[in-house]
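The values are calculated or read from the model by the stated rules, or taken from the named source; none is laboratory data. Quick caveat, the model's predicted, so the values are computed rather than measured. Reconstructed Cβ throughout: ideal geometry from the backbone, glycine too, with neighbour counts over all protein chains shown. When the accessible area is computed, the model is the full protein with side chains, heavy atoms only, and any ligands, DNA or RNA have been set aside. Shrake-Rupley method; radii C 1.70, N 1.55, O 1.52, S 1.80 Å.
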Amino acid sequence: MRVCIVVEGCYPYVAGGVSSWIHGLIQSFPKVEFVLQTIISSRDQSGKFIYQLPENVTEVHELYLQDVDWDQNRKGWRRRRLEKQEYAALRSLVMNQRVDWETLFEMFQKKAISLDKLLMGEDFLQIVREYYDLNYSQLVFSDFLWTMRSVYLPLLFTLKMKLPRADLYHCVATGYAGVLGSMGKSLYGGRLLISEHGIYTREREEELLRAEWVKGAYKNIWIDQFRKMSSLAYERGDLVTGLYEHARELQIELGCPAEKTMVTPNGVSVDHLQDIPGKTEEDEGKFNIGAILRVTPIKDVKTMIQAFSFAKEREPRLKLWIMGPCDEDEEYAKECYEQVEALELTDVVFTGRINIRDYLGRMDVTILTSISEGQPLTILESYAAHVPVIATDVGNCSGLIYGESDDFGAGGILTHIMNVEEIAQAMVDMARNESMRLQMGESGYKRVMSGYRIEHMRAAYRRIYQDFADSCGVALET
């Protein structure tokens, strides 16, 4: 079976939970041929992999959402208007009606269309004007028109992407990845599997509501765009997986047919985190708090640093280790460094990218202050090392800490998002109550052993892949 993994903004360019999951999945099927269809912002990122690709990855295809229009100088387009069916399909997309995706796939895949001339042309202008008059006539039309061009350009680049053939298109998100997977299924007859680690539509909504680069009603236009792309993936997907039950409920709420949905929890290699190095001389007299993350706004490292500052006033033994890459958002990382300096904190260490085996055994507790998560691997990895956690109440953190179908007890302390006092108090409580902390570490270990081992995840996807192979009439070598 030939599997095309479709990914947006992560593997193999960026470290993190989703990228680690994809890398592990590919390695779990060494005899299956994988091709990667990646979605990145621009050609500047091309080929800059931080993962060594497994030998069974035979091809990598890249889509750049911020690219130049290579077809704009093709002869003949300037005089060409959209055919009636093409116009109707584009109109259905812009007007948020029942979208004629099949015509759009055919139109952008089989015809030499200049996106520049389409978006600057009379057909697009006429459709946008109609949409504007019906919904947004209070706005300045020239601003509205340019916004609509910026909204649709990345989607149209996606529709023009020449996809590799595959038996199975496995999309690790909806969004642009879901559009590509849906198009692959339509063009080549493959099957479509959607594996969501976070709920893409909800994550984009949260980002847009906080964003400063888009204002007022324009936020709604972008949110509608992401919703219609996710709706396409849910409609065309043969199976849609989520990491936990509430994620599955959200998928259904967003329009995914319940009979297509399935829960497939994350899994970590427990064996890999056994017999790891413990505390060193450097740790003597210190209570180590470890944050294994990418230093980015969504992880809300600033709140973590602020909370640590308050907690350290009450418990001087505390030391904060921020462990992970700092180069994904260099401006945000710089602001975090400056915050540490301004607060005159001496016991905060930025390690950069690490091998967690070298550090996790030295930690008394790990911490996650994210404003959005799915089912964090860092919590499961901490549990595998008998280390309890402090985490904000996002994604499945509550289920991982308190359990969803077991009575092992709490594996840590749950706090509210951006609540500096709660997070600080959790740090102090962990440091001052050793028996509670050790019990939480053991509860977490039992929880990860019972349902979140890498072997459980591999077995689930072996069954899924086998079902798809059987439906395609191809062999699945494992």
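Inspect all residues belonging to the stretch 416-429 and state whether any of them is part of a helix (DSSP H, G or I), among the acidic types (Asp, Glu), more than 26 Å from residue 243 (Cα to Cα) and touching a strand residue (DSSP E or B) at 6+ places or on another chain (Cβ under 6 Å). Yes.
Looking across the stretch 378-395, the residues that are over 15 Å from residue 299 (Cα atoms) and assigned to a loop (DSSP other than H, G, I, E, B) come down to 385, 386, 387, 388. For the stretch 313-328, the criterion of a residue being of a type in the set (Gly, Ala, Ser) and out of contact with any Gly (no Cβ under 9 Å at 6 or more places or on another chain) is satisfied by no position. Residues in the stretch 341-365 that are under 18 Å from residue 282 (Cα atoms), assigned to a strand (DSSP E or B) and not aromatic (Phe, Trp, Tyr): 348, 349, 351, 365. When residue 213 is tested against (1) closer than 26 Å to residue 22 by Cβ; (2) open to solvent by 10 Å² or more (accessible area, probe 1.4 Å), exactly one condition is not met: (1).
Of the residues making up the stretch 153-175, those that are touching a residue at least 60 places away in the same chain (Cβ under 8 Å), in a helix (DSSP H, G or I) and open to solvent by less than 10 Å² (accessible area, probe 1.4 Å) are 155, 158, 175. Restricted to the stretch 298-308, and to residues there that are in contact (Cβ under 8 Å) with a residue 40 or more places away in the chain, open to solvent by 10 Å² or more (accessible area, probe 1.4 Å) and not in a loop (DSSP other than H, G, I, E, B), the residue that is farthest from residue 395 (Cα to Cα) is 306. Tell me the residue from 449, 436, 418 that is open to solvent by 10 Å² or more (accessible area, probe 1.4 Å), more than 30 Å from residue 192 (Cα to Cα), within 23 Å of the chain's Cα centre (by Cα) and hydrophobic (A, V, I, L, M, F, W, C), please. Within the list 449, 436, 418, the selection yields 418.
Scanning the stretch 222-264 for residues that are open to solvent by 50 Å² or more (accessible area, probe 1.4 Å) and either outside any helix (DSSP H, G or I) or of a type in the set (A, V, I, L, M) (or both), we see that the one that is farthest from residue 199 (Cα to Cα) is 238. On inspection, residue 50 qualifies as more than 21 Å from residue 179 (Cβ to Cβ), β-branched (Val, Ile, Thr) and out of contact with any strand residue (DSSP E or B) (no Cβ under 7 Å at 6 or more places or on another chain).
Yes/no per residue for (1) within 21 Å of residue 294 (Cβ to Cβ); (2) in contact (Cβ under 8 Å) with a residue 24 or more places away in the chain:
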site	(1), (2)
314	no, yes
320	yes, yes
324	yes, yes
329	yes, yes
337	yes, no
340	yes, yes
344	no, no
355	yes, no
360	yes, yes
